[in-house]
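Chemist: The structure follows.
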């Protein structure tokens, strides 16, 4: 997996969103770690979210629940943000596999 990530980074094919930084920052152990996160993520392409992405995330969460899958709103938001930006999600999280199986959410598989 490390080689795949390295290749994506070297080729400028990695994007992120403010929500990703927020999720990482909440788990930080110090202000220094948060500063390091900002430093490491800053050079990446940043995808800007819109209100419609939140609306779509709520609808996606509803559809997933109707299919018997409970997916948190932040994962639904990132999936809709990626789909709206023609980006591919890179994650090992099972929620994104569920979304990819049922919705328009390209998933980078290793």
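The values are calculated or read from the model by the stated rules, or taken from the named source; none is laboratory data. The structure displayed is predicted, hence computed values, not measured ones. Ideal geometry is used to build each Cβ from the backbone, glycine not excepted, and the neighbour counts take in all protein chains shown.
Chemist: Being over 9 Å from the mean Cα position of the chain (by Cα), surrounded by 18 or more Cβ atoms within 10 Å (Cβ to Cβ) and either within 20 Å of residue 44 (Cβ to Cβ) or at pLDDT below 90 (or both) is the filter here; which residues of the stretch 86-95 pass it?
Modeler: Within the stretch 86-95, just 87 meets the criteria.
Chemist: Can you name the condition, by its number, that residue 26 falls short on among (1) in contact with a helix residue (DSSP H, G or I) (Cβ under 8 Å, 6 or more places away or on another chain); (2) at pLDDT 95 or above?
Modeler: Evaluating residue 26 over (1) in contact with a helix residue (DSSP H, G or I) (Cβ under 8 Å, 6 or more places away or on another chain); (2) at pLDDT 95 or above leaves (1) as the failure.
Chemist: Mind checking which residues of the stretch 60-85 are farther than 10 Å from residue 95 by Cβ and over 17 Å from the mean Cα position of the chain (by Cα)? Steps first, please.
Modeler: First, pick out the residues of the stretch 60-85 that are farther than 10 Å from residue 95 by Cβ: 60-63, 65-68, 73, 77, 80-85.
Correct list: 62, 63, 65, 66, 67, 68.
Chemist: Let me ask another. Restricting the search to the stretch 1-59, which residues are closer than 22 Å to residue 73 by Cβ and in contact (Cβ under 8 Å) with a residue 40 or more places away in the chain?
Modeler: 15, 17, 19, 20, 23, 47
Chemist: Exactly one of these conditions fails for residue 48: (1) surrounded by 15 or more Cβ atoms within 10 Å (Cβ to Cβ); (2) under 16 Å from the mean Cα position of the chain (by Cα); (3) not in a helix (DSSP H, G or I). Give me its number.
Modeler: So residue 48 meets the others, but not (1).
Chemist: Can you work out which of the residues in the stretch 60-84 that are farther than 18 Å from residue 13 by Cα and in contact (Cβ under 8 Å) with a residue 40 or more places away in the chain is surrounded by the most Cβ atoms within 10 Å (Cβ to Cβ)?
Modeler: The initial filter retains those residues of the stretch 60-84 that are farther than 18 Å from residue 13 by Cα, namely 60-77, 80.
Still in the list and also in contact (Cβ under 8 Å) with a residue 40 or more places away in the chain: 60, 63, 74, 77.
Working: 60: 23, 63: 15, 74: 15, 77: 20.
Step by step, filter the stretch 60-84, then rank; the result is 60.
Chemist: Can I ask one more? Given the structure, is residue 56 exposed (fewer than 13 other Cβ atoms within 10 Å of the Cβ) and over 16 Å from residue 18 (Cα atoms)? Lay out the reasoning, then the answer.
Modeler: Working: exposed (fewer than 13 other Cβ atoms within 10 Å of the Cβ): no; over 16 Å from residue 18 (Cα atoms): yes.
Answer is no for this residue.
Chemist: Just give me the residues in the stretch 20-45 being in contact with a strand residue (DSSP E or B) (Cβ under 6 Å, 6 or more places away or on another chain) and part of a helix (DSSP H, G or I), in sequence order.
Modeler: Step one: filter the stretch 20-45 for residues in contact with a strand residue (DSSP E or B) (Cβ under 6 Å, 6 or more places away or on another chain), giving 41, 44-45.
Scanning the stretch 20-45 gives a single hit, 41.
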